[in-house]
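Notes to accompany the following structure.
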Amino acid sequence: MAYSSLEECLLDLEKNGHLVRIKEEVDPHLEMAAIHLRVYEAKGPALLFENVKGSKYRAASNIFGTLDRSKFIFRDTLQLVQKLIELKGDPMKALKSPIQNLSTGLAALKALPKKQSSFSFDKIQVNDIPLIKHWPMDGGAFVTLPQVYTEDVDKPGIMKSNLGMYRIQLSGNEYELNKEIGLHYQLHRGIGIHQTKANAKGQPLKVSCFVGGPPSHTLSAVMPLPEGISEMTFAGVLGGRRFRYAYDTLGNAISTDADFVITGEVDPLQNKPEGPFGDHLGYYSLTHPFPLMKVNNVYAKKNAIWAFTVVGRPPQEDTSFGELIHELTGNAIPQEVPGLKEVHAVDAAGVHPLLLAIGSERYTPYTPTKQPAELLTIANHVLGTGQLSLAKFLFITADDTNQLHTHNVQPYLEYIFERIDLTRDLHFHTNTTIDTLDYSGTGLNSGSKLVLAAYGDKKRELCREIPTVLKELQQFENPQLCMPGVVALQTKKFTTYEEAQKEMDVLNHQLSTMNHELSGVAQLIICDDSSFVAANLRNYLWVSYTRCNPSHDLYGIASFTEYKHWGCKGPVVFDARLKPHHAPPVEKDAAIEKQIDRLFAKGGSLEGIG
C-alpha cells in the first residue's frame, strides 16, 4: 500500500483487524503511555486515541507493535527494499542481471523526493499538541516518534540532508512553553555533523521535526542506512510514494505529508537542561545540557493524528522496529566489515551494551592451534563502525560448521563460554566512549569496553547444577544458575569501589584454590537479587550487561596482570549491582495502572485485551 498519510494507514489497519479505537477520554499525563504499555505487552493492536484530554487532536500508538503488523504495513515494498539494499552491497548483481533487477532501478527513480510549491497546514502552538508524559520521573512531555530533519550548511538541499529520530522535549524544566523545546541526540548521529558545521560558521542550524505522515517516513528516520542512501529516498522506496516537501517563508523544510511539523533553529553552543526521560535501556536518562531549539512555527494538517510510542526496558515497540530493520537490511552491516558474518545488538540488554558477532578465522590455516587472531582484527573494525562503536561488551567467535547464529542468544553464549580462555581472551578498551544513555560508566558518554573473543575446541563442560562450593560462601548467598556455566550470587548493596574491591578479595580468597570445583563455571554475576537475575534469560542479560562498566566492575577468580594483559584462572566476575552513580530503573505507577483498568473492563474500548 502506497499510503499518502498516517490516517490512511490506520484505516487500513482497522479494516484488517489490526487497530482498536479508544473512545474514552484519556489523560496524556501517564495514562496514555500506561495504556500503550499494557496493550503492547499483550501483543495487542495499534491504538487510535480519539479523545485526548486537553487537546483537540487524536493520537496513535503501537502502530509497529509487532513484526507481523509492520510487515503487513509494508507488504507491497519489503522485497523490493531488501533487493535494493542487497544491490548497494553488491552492485555487480545489477549489471549481471539487468532485466531481473529492472524493477529496483525504476523504484529508485520513483523514490526521488518531490518538491512542492506550497503546502496546506493550520498554524498552531506546542501546547495544542497532546503533551504526553510517559514515565513518572520524566522531566515533561516528549516527542517519541520524531523525524528530525536538518541540512548540511555547506551542501544545502534535500539530497545531502539528514532525517533522524532524536527525542524532543516539549515542556518542563527551563523551557519556555511554545517558544523553546529541547533536542537530545547521541554520539554518531548525522545531525551532529550538521550542527558542527553550522557552529563553525557561527550560524544557527535550521531544524524541522516531522510527526506522523506515511509510516515509511517514521521507519526511515530510525534506519541505519548504508553510506550514500538518503533517508528521503529510502522513505520513497519503502512507502511506494515519493517524499513530498516544501520550504516555508523562513527557509525551514516541511514534509507536506506529515501530520505535524515543528520548525525552529539551534544557535551555536546554546543549551538547556533536558530530561529525565525513561529510556530504552530500562532506566531514566538523567538531566544534562542539550541543544536548545527556538521554535519558529508549529503546523498541523486538518484532522492531524499525533503518533507516539513508549520506550522503557526491552522489549518495547522499538524492539519491533529492530526486528523489521533486521529483516530489511539482512547482511548490509556485515558486508561493511571484511570477515564479519553476523552481528546482533541484543535488545534484552538495551541494544548498545551487548553485541554478539560471528566472524572468520583464516589467518593461520597451517597451524593446528586454534585461537583468536583474525577475530581480534574484526572486533576492532566493528568497534570502529558507526553506532556499533557504542557497544560496551562485544562477544565474537568463529564457527567452522556454520551452525551458530547470534540471534539464538543462549546457545551462542554457551558456545563462547565453553571455549573462552579467560587467561587470554579478554581484551579491554579503557577511557573511551559508550552510549549516551548508559550510566554504568565514569561520566556521560564515557566508560570502557570489553571484547570477549573465543575460538577453538571446547575447554570446559558448563555446569548445569550449582557447584557445592558456591553454596558455602561467606558474604555471598542465594546462588542461582542463570544458564549453563553462569551463576548469580547475591550480596549486600554496593557502596564504594574501595569497599567492592574488599568484597571481591573475600570472594577470591574463598574460591582461588577451587579451580577443579569451578571448572564448569565461566561467569559469576554479583547482584542485588540473584533470584531475579536467574529467573529468565532476559533478566540475566539486562542486569549483567547494563549495570557493568568493564574496567571498574569486572573481577576474576585468581586474576593476574602480565605485561599489561589482564586475565583470570577461574571464572570472570561481573559486579552487576546497582551503584550510586547509576540512573534509576523505570517503573510503572501503581495508581495509574489502577486508573486505566476501566478501559480493559467489560464495556471498555479495550475489553478482552491484556
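Below are the figures for this structure:
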read-out	value
Residue satisfying condition, being among the acidic types (Asp, Glu), in contact with a helix residue (DSSP H, G or I) (Cβ under 8 Å, 6 or more places away or on another chain) and closer than 26 Å to CYS568 by Cα, within set ASP347, ASP399	ASP399
Looking only at the range 437-478, and only at residues there that are part of a loop (DSSP other than H, G, I, E, B) and among the hydroxyl-bearing types (Ser, Thr, Tyr), the one that is least open to solvent (accessible area, probe 1.4 Å)	SER440
Filter pass, VAL266 being crowded, with 20+ Cβ neighbours inside 10 Å, under 20 Å from ALA583 (Cβ atoms) and in contact with a strand residue (DSSP E or B) (Cβ under 9 Å, 6 or more places away or on another chain)	no
Residue count, the range 555-572 (criterion: touching a residue at least 60 places away in the same chain (Cβ under 8 Å) and either of a type in the set (Gly, Ala, Ser) or closer than 14 Å to LYS502 by Cα (or both))	3
Close pairs (6 angstrom Cβ cut-off, 6 or more residues apart or separate chains): part of a strand (DSSP E or B) in the range 6-28, open to solvent by 40 Å² or more (accessible area, probe 1.4 Å) anywhere	ARG21/GLU50
All positions within the range 539-563 that are within 26 Å of LEU390 (Cα to Cα) and aromatic (Phe, Trp, Tyr)	TYR540, TRP542, TYR545, TYR555
In the range 434-457, residue modelled with the lowest pLDDT [restricted to those that are in contact with a strand residue (DSSP E or B) (Cβ under 7 Å, 6 or more places away or on another chain) and among the β-branched types (Val, Ile, Thr)]	ILE434
Candidate set from the range 244-263 (those that are closer than 18 Å to GLN125 by Cα and open to solvent by 40 Å² or more (accessible area, probe 1.4 Å)); member that is nearest to the chain's Cα centre (by Cα)	LEU250
Number of the condition not met by GLN335 [criteria: (1) surrounded by 19 or more Cβ atoms within 10 Å (Cβ to Cβ); (2) more than 29 Å from LYS43 (Cα to Cα)]	(1)
Hits in the range 115-157 - residues which are more than 20 Å from ALA221 (Cβ to Cβ) and in a strand (DSSP E or B)	ASP122, LYS123, ILE124, LYS133
Elements of type helices (runs of 4 or more DSSP H) contained in the range 509-599, each with 2 or more residues being open to solvent by less than 30 Å² (accessible area, probe 1.4 Å), modelled with pLDDT of 95 or more and not basic (Lys, Arg)	530-534, 537-546, 550-553
Residue tally, condition open to solvent by less than 20 Å² (accessible area, probe 1.4 Å) and in a loop (DSSP other than H, G, I, E, B), over the range 292-310	4
The range 1-15 - residue that is aliphatic (A, V, I, L, M) and more than 22 Å from GLN79 (Cβ to Cβ) and, of those, most open to solvent (accessible area, probe 1.4 Å)	LEU11
The range 394-437, residues that are among the aliphatic types (A, V, I, L, M) and within 30 Å of HIS288 (Cα to Cα)	LEU394, ILE434, LEU437
The range 347-385: number of residues that are in a loop (DSSP other than H, G, I, E, B), closer than 24 Å to THR433 by Cα and either open to solvent by less than 10 Å² (accessible area, probe 1.4 Å) or in contact with a Gly (Cβ under 9 Å, 6 or more places away or on another chain) (or both)	3
Matching option when the condition is modelled with pLDDT under 95, open to solvent by less than 40 Å² (accessible area, probe 1.4 Å) and not in a strand (DSSP E or B), among THR233, THR218, THR196	THR233
Criterion: aliphatic (A, V, I, L, M) and closer than 22 Å to VAL211 by Cα - qualifying residue of ALA349, ALA258	ALA258
Test: residue in the range 269-279 that is open to solvent by 40 Å² or more (accessible area, probe 1.4 Å), touching a Pro at 6+ places or on another chain (Cβ under 6 Å) and free of Cβ contacts under 8 Å to residues at least 24 places away in the same chain	yes
Filtered residue count, the range 569-610, keeping only those that are under 30 Å from ILE416 (Cβ atoms) and of a type outside the set (A, V, I, L, M, F, W, C)	9
Unmet requirement for LYS206, which otherwise passes all of (1) among the basic types (Lys, Arg); (2) out of contact with any Lys or Arg (no Cβ under 7 Å at 6 or more places or on another chain); (3) assigned to a loop (DSSP other than H, G, I, E, B)	(3)
Test set (1) in a loop (DSSP other than H, G, I, E, B); (2) of a type outside the set (Gly, Ala, Ser); (3) in contact with an Asp or Glu (Cβ under 9 Å, 6 or more places away or on another chain); (4) more than 17 Å from GLY212 (Cβ to Cβ) - PHE72 fails condition number	(1)
Filter pass, ALA60 being small (Gly, Ala, Ser) and not in a helix (DSSP H, G or I)	yes
Counted residues, the range 416-436 - those being open to solvent by 10 Å² or more (accessible area, probe 1.4 Å) and within 18 Å of LEU281 (Cβ to Cβ)	1
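The values are calculated or read from the model by the stated rules, or taken from the named source; none is laboratory data. Fair warning: this is a prediction, and the values are worked out from it, not measured in the lab. Note: ideal-geometry Cβ built from the backbone for every residue, glycine included; neighbour counts use all protein chains shown. Keep in mind that these areas ignore ligands, DNA and RNA; they rest on the heavy atoms of the full protein, side chains included. Shrake-Rupley method; radii C 1.70, N 1.55, O 1.52, S 1.80 Å.
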